[in-house]
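This report concerns only the one structure given below.
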Amino acid sequence: MTQTVLGIIGGSGVYDIEMDGAEWTAIASPWGAPSDEVRSGEIDGLKVVFLPRHGRGHRLSPSGINYRANIDVMKRAGVTDLVSLSACGSFREGLPPGTFVIVDQFIDRTFARDKSFFGNGCVAHVSLAEPVSPLLAGHVEAAARDAGIAVHSGGTYLAMEGPQFSSIAESKMYRAWGCDVIGMTNMPEAKLAREAEICYATVAMVTDFDSWHQDHGTVDIASILKVMQGNSANAKMLVTTLAKALPREHEACPIGSDTALEYAIITAPEARDPAMVAKLDAVAGRVLSK
């Protein structure tokens with residue numbers, strides 16, 4: 001039996017959450033420095049591990065985040081279920097600022113980030129057809145509704161490189177593609193969580209209508225910050241509600257998020273680079289030790 005450990009990665013505006021017995025702890029990673037120390041504690045008896053994606057004080061830009069180290073330290077902290085809290089723009093009239101969108105698909109338009117733990121010396125190919133763990137997403141949606149938060153289930157998240165916001169032409173193109181929200185941080189985070197066999201779900205917290213909306217115009221930072229404050233308060237309430245309701249025994253993922261590496265590593269054991277294997281001890285130790 002595997003005990004559930006809830007991981008929370010807090011995006012813009014979410015730099016801490018309230019827990020019992022919480023303390024900040026540094027966890028070393030062979031992939032470099034994570035965004036910050038992790039804050040571990042309990043909510044209603046459930047272990048919760050929190051990491052501010054941009055670091056306390058918002059020191060890191062979306063492109064400057066060490067996504068591999070972040071996921072690696074969450075794995076080392078024992079996280080089984082990881083919820084990403086992320087500010088985003090909306091491409092849909094029906095998803096106004098203040099709405100929480102539980103996305104189920106991603107389009108990755110980033111280009112300046114390390115996107116895999118694997119490579120030369122230990123090659124692996126992991127399916128990302130269904131990038132979000134449905135049971136976890138269902139629990140998150142239920143918690144949002146119980147907390148009285150405006151929530152929408154399902155949608156496609158367009159991950160852009162940033163740090164600039166979209167041009168009007170880009171915004172209209174992404175709408176035409178069928179995207180629902182846009183952000184800068186959930187890729188390669190979702191890909192790496194799958195490689196680490198951690199169940200993953202995203203709460204995309206809408207702050208604006210990007211630049212496509214005829215009545216909205218260009219993205220206004222002051223307006224975004226005002227909405228972000230409300231979203232941050234709701235996000236913290238969501239985490240507390242979710243932690244109280246989440247099953248204490250980790251549920252086997254129906255799409256195999258927690259066993260994603262079972263047949264994914266292609267490199268023969270005798271051909272694997274020992275240095276690479278050593279770096280993968282937390283992420284892939286379950287299968288590499290066989």
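What follows is calculated from the coordinates using simple rules that are stated; it is not laboratory data. Treat the numbers as computed from the prediction; the structure is a model and nothing was measured. Cβ placement follows ideal geometry from the backbone for every residue including glycine, while neighbour counts extend to all protein chains displayed.
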- Ala28 to Arg248: FRET efficiency via 1/(1 + (r/R0)^6), r the Cβ-Cβ distance, R0 22 Å, to the nearest 0.05? 0.15
- Message: Sorting check: for 90-100, 46-56, which peptide has the highest mean count of neighbouring beta carbons within 10 Å, and how do the rest follow?
- Response: 46-56, 90-100
- Task: Obtain the radius of gyration and the Kirkwood radius of the chain from its C-alpha atoms and give Rg over Rh.
- Result: 0.96
- Helix hunt in the chain: which complete DSSP H runs extend at least 24 Å axially by C-alpha with mean Kyte-Doolittle at least 0.0? 221-245
- Putting +1 on Lys and Arg Cβ atoms and -1 on Asp and Glu Cβ atoms, find which of Asn120, Pro131, Thr110 reaches farthest to the positive end of the dipole of the chain. Asn120
- Taking 259-271, 117-129 and ranking on average Cβ neighbours within 10 Å, highest first, one gets 117-129, 259-271
- With unit charges on the beta carbon (Lys/Arg positive, Asp/Glu negative), name the residue among Val283, Phe100, Gly41 whose Cα is farthest towards the positive pole of the charge dipole of the range 6-288. Val283
- Message: Run the paramagnetic zone check for Ile168: 7 angstrom along Cα to Cβ, then residues of the range 77-108 with backbone nitrogen under 20 Å.
- Response: 89-93
- Message: Take Ala275 and Ser127, extend 7 Å from each Cα along the Cα→Cβ direction, and tell me the distance between the two endpoints in nm.
- Response: 3.4
- Item | Those lysines that a straight Cα-Cα span of less than 24 Å connects to Lys236, excepting residues fewer than 8 apart in one chain | Lys47, Lys75, Lys226, Lys244
- Note on the structure: The size of the Cβ-based charge dipole (Lys, Arg +1; Asp, Glu -1) of the chain about the Cα centre, to the nearest 20 debye, is 360
- Note on the structure: The simple spin-label model distance between Asp20 and Gln229, using points 7 Å out along Cα→Cβ, in nm, is 3.2
